[in-house]
1. Express in nm, to one decimal, how much length is gained between Thr61 and Leu108 on full extension, taking 0.36 nm for each residue of separation and deducting their alpha carbon distance.
2. Please work out the FRET efficiency for the pair Ala237 and Leu283, using the Cβ-Cβ distance as r and a Förster radius of 41 Å; give the result to the nearest 0.05.
3. Which order results if Leu353, Leu108 are arranged by neighbouring Cβ count within 10 Å, fewest first?
4. Can you pull out the trypsin sites (Lys or Arg not before Pro) in region 69-176 whose DSSP state is coil and whose Cβ has at most 15 other Cβ atoms within 10 Å?
5. Restricting to DSSP loop positions (anything but H, G, I, E, B) with no more than 15 other Cβ atoms inside 10 Å of their own Cβ, which chymotrypsin sites (Phe, Trp or Tyr not before Pro) remain in region 297-384?
6. Between Ser52 and Phe333, with labels modelled 7 Å along Cα→Cβ, what's the label distance in nm to one decimal, could you check?
7. Between region 266-282 and region 298-358, what is the separation of their alpha carbon centroids in Å?
8. Between Trp364 and Leu244, take the C-beta separation as r, use R0 = 56 Å, and let me know the FRET efficiency to the nearest 0.05.
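The numbers here are math on the coordinates, done by the rules we state, and not lab data. Keep in mind that this is a model prediction, so the values were computed, not measured. Methodologically, a virtual Cβ is constructed for each residue, glycine included, from the backbone with ideal geometry; neighbour enumeration extends over all protein chains shown.
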Amino acid sequence: MTEQEPARGRAAAASDGGAGLGEDVALASTPGEDGEAPHLADPDAVDSSVRSPAERSRTFTGILVNTALANITTSYLWFALTFWVYLETRNVIATGVVGGAYMLLIALSSISFGTFVDRYRKLAVMRFAAAFTLVMFVLSGVMFLLTPASSLLDLGQPWFWVFTLVILIGAVVENLRNIALSTTVTILIEPDRRANANGLVGMVQGLMFLITSVLSGLSVGLLGMGWTIVVALLLTALAFAHLLTLRMPEETQVAATDAHGGFDLRGSYAAVLAISGLFALILFSTFNNFIGGVYMALMDPYGLEMFPVELWGVFLAVGSSGFLIGGALIGKFGLGSNPLRTLLLAVVAMGVLGAVFTLREWAWLYVVGIWLYLTLVPVVEAAEQTVIQQVVPLPRQGRVFGFAMAFESAAAPITSFLIAPIAQFWIIPYARSADGAAQLAPLLGEGTSRGIALVFLIAGIIMVIAALLAFLTPVYRRVSAEYQQAAAEAKATADTDA
């Protein structure tokens, strides 16, 4: 894929990555007919000869660490909000709606996020996102100080929804950095090491869950929501200050792109369709996220019924260490010659784990199941990212990642909005009734959370069936062949340049 590889021999005198959002680069041609993606005369404005691969890798590490701090901070406040709302209301609808609203906002904004990443320099996008998140967290702190707690926790009052929305918007805009991060892998990392770099990204996500699940539980239990907001503000300011010190001279100018406006849905769709089978890959990941919405809505209520909030945070952190293990393994060994096959095998294993880790209300089974399940999540994420980075040209990667995030994020809130009230009003009461408990006992044992366990079992079985069927589709063979062809071309190009 010649458009994807960084250009060689350009001017070494490079800018600092852009402190502000500059103007779009003029296009050399107009959009093609029949929805085809247009040809770009200057496919990327990247000079990878400015520094050695080791130097570029160190810059990527700095960006990765900074993004980790930002993700930890937003997740810390986000987890704390979820814990706080459930503990104060004991209502799974509240947690389901809050979690679903977060994913829905990501879905609605991801096309714009991807468009901005393609149109502007990556560090400029990251700095904008960091500043915006800081402002929103300041507003949430002001609201918490000025509004009585009884009003903030009354779901019938607007203050709960405004307060939640302010925090959610700040957290969602921070996700703009994650799309930009995926494109910096293409800019800074050699093609044969991108799967490993994506594994490190997954490891960072695991670190985020591990740290925030402990800190959020302890923070809500010991400090309260007010001081939790203060801590989030300080960490967000620190991440923003550190981001201002980073430089990425390889990005010599804003890359020429066919992106238009601030919401280039047509261009995003055309960029996805330009690669045979890529849309089907995104659809499969979207279906997988439908199942993920079940866990998003019910995993915290299940854990909080089993443990006190402080202990649940600790045990969730233990389970979340699986992210670190999975990401570290990918960083060391990669994803094999066919990342798509690795993805589907991981999804099968996740479905089995999701079906069995609540078959009995045993604390060790739940924690070990979460740990194994989350060990596989970085595999799925890294595999999809690696395929996109290999087969999609850099000037369109932001929109492709944004399009994928929009579709995949939209799936989870739909499931969350549906399953939370169904579980609250029908499944959980049925499982706790005398007749329901007796009927479920042979399969799921006894306990107060057998209704949630039944939902997890069904969701896991569906996930396994879907992944096994995907192996049989022509799309699986096409995407696998496309990736292997692109990888061979990239290797040949690298050997020629060497």
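1. Between Thr61 and Leu108, full extension yields 14.0 nm more.
2. So the FRET efficiency works out to roughly 0.55.
3. Leu108, Leu353
4. Numbers: sites: Arg90, Arg119, Arg121, Lys122, Arg127; in loops: Arg90, Arg121.
The qualifying sites are Arg90.
5. Within region 297-384, the qualifying chymotrypsin sites (Phe, Trp or Tyr not before Pro) (loop, at most 15 other Cβ atoms within 10 Å) are Trp362.
6. In this crude label model, Ser52 to Phe333 measures out at 3.0 nm.
7. Cα centroid of region 266-282 versus Cα centroid of region 298-358: 29 Å apart.
8. Computed FRET efficiency for Trp364 and Leu244 comes out at 0.80.
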